[in-house]
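Student: This is the structure I want to talk about, given as structure tokens.
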Amino acid sequence: MARLPVAVLASGRGSNLQALIEAARDPAYPAEIVRVLSDRSDAAALERADRAGIAHRVLPHPDRASFAGAADAALREAGAELVILAGFMRILDTGFVEAWQDRLINIHPSLLPAFRGLHPQRQALAAGVRFSGCTVHFVRPELDSGPIIAQAVVPVHPDDDEARLAARILAEEHRVYPMSVRLYAEGRLRVVDGRVVIAGASAPDVALLNPAEGLVSTGV
Ligand code: GRF
């Protein structure tokens, strides 16, 4: 079976990259990571790529357009057919995003379209939402927007701080990103009128309540 060649762009810790590396260790996984690219030479993601034997490069970034040009050339040279943003902290040039439209996906640690941009977990806590989570989506030029592929939900606990909520969401990110890449690689995702249709997926039967009914006293 030919596996889909994917490239990962990462700026930091690289735990989502690691989750994808682990998933792709299974020969039955339909995608393989052929290149890791970073804008930062100190990104831990590069060490993770190194340990996994994946070719990696740091790209120059004097300005947005030249970074985009270098990234585009590196991706084509690597033969990447899908580009995965995993903690990539730069805003990408519009021309780049359009050139890779529907072959470029991102993960964001909120239930989009809520809490775009920086510190989404902090934004969620400040808003007092009962649930948050993460979203995998096709990238469009507007920041943290684009057709949604998958989301995972976590409860927000009353005593959460940013780090605790981020850790709970991150555990879901590590499940939902490899799953989304699998769906893409299996050719099951189609964008129709700005929304993603997944072939062969049935509606999930989920009902969530926070605070849980049993925890709420009924009388005064
Ligand atoms: C993740 O929370 C991801 O959703 C966000 O940046 C963080 C990257 O973490 N875009 P890591 O580098 O994958 O560990």
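Student: Give me the percent of DSSP beta bridges within the chain that run antiparallel, rounded to the nearest 5.
Tutor: On the way: 15 of 31 bridges.
Counting DSSP beta bridges with both partners in the chain, the antiparallel share is about 50 percent.
Student: Pairs of Cα atoms under 8 Å, at least six residues apart: use those to get the relative contact order of the stretch 108-171, whole percent.
Tutor: 35 percent
Student: Over the stretch 1-100, what relative contact order in percent results from Cα pairs under 8 Å that are six or more residues apart? Please list the in-between numbers first.
Tutor: Values: 173 pairs, mean separation 37.3, N = 100.
Relative contact order of the stretch 1-100: 37 percent.
Student: Can I ask one more? Could you work out what % of the accessible surface of the chain is carbon and sulfur, using a 1.4 angstrom probe and leaving DNA, RNA and ligands out of the count?
Tutor: Values: 6020 of 11370 Å².
Carbon with sulfur: 53 percent of the solvent-accessible area.
Student: According to a simple spin-label model (label point 7 Å from Cα along Cα-to-Cβ), what is the distance in nm between Val58 and Met1?
Tutor: Placing both labels 7 Å beyond Cα along the Cβ direction yields 3.7 nm.
Student: Now, a different point. Scanning the chain for helices, which whole DSSP H stretches are 20 Å or more long along the axis (Cα) and average 1.0 or more by Kyte-Doolittle? Please report the intermediate quantities before stating the final value.
Tutor: On the way: long enough: 64-78 (21 Å, 0.13); 162-185 (33 Å, -0.06).
For the chain, where a helix must reach 20 Å along its axis and average at least 1.0, there are no hits.
Student: Another question, then. How large is log10 I(q)/I(0) at q = 0.08, 0.09, 0.10, 0.18 Å⁻¹ when the Debye formula is applied to the Cα atoms of the chain, each weighted equally and without solvent?
Tutor: Taking Cα atoms of the chain as identical point scatterers yields -0.30, -0.38, -0.46, -1.40.
Student: If you don't mind, there's one more thing I want to ask. Roughly speaking, what is the stretch gain from Ala163 to Ser217, that is 0.36 nm per residue apart minus the C-alpha to C-alpha distance, in nm to one decimal?
Tutor: Details: separation 54, 0.36 × 54 = 19.44 nm, distance 2.97 nm.
Contour length minus Cα-Cα distance gives 16.5 nm.
Student: Okay, moving on. Just to confirm, what accessible area per residue do you get for the stretch 1-100 at 1.4 Å probe, in whole Å²? Spell out each step's value before the answer.
Tutor: Values: 4510 Å² over 100 residues.
Solvent-accessible surface per residue comes out at 45 Å².
Student: In addition: Distance from the Cα centre of the stretch 120-175 to that of the stretch 180-220, in angstrom?
Tutor: So the two Cα centres are separated by 14 Å.
Student: Averaged per residue, what accessible area in Å² does the stretch 105-220 show with a 1.4 Å probe, protein chains only? Write out the running numbers ahead of the final one.
Tutor: Values: 6650 Å² over 116 residues.
Accessible area per residue: 57 Å².
Student: Still on this model: What number comes out for the charge environment of His61, summing +1 per Lys or Arg and -1 per Asp or Glu over other residues with Cβ under 10 Å away? Intermediate results must be reported in sequence, preceding the final value.
Tutor: Values: positive: Arg40, Arg64, Arg90; negative: Asp39, Asp63.
Around His61, the surrounding residues sum to +1.
The values are calculated or read from the model by the stated rules, or taken from the named source; none is laboratory data. Given the structure is predicted, the values throughout are model-derived calculations rather than measurements. Here the Cβ is made from the backbone with ideal geometry for all residues, glycine too, and neighbour counts use every protein chain on show. Areas reflect the complete protein model, heavy atoms only, side chains present, ligands, DNA and RNA absent. Shrake-Rupley method; radii C 1.70, N 1.55, O 1.52, S 1.80 Å.
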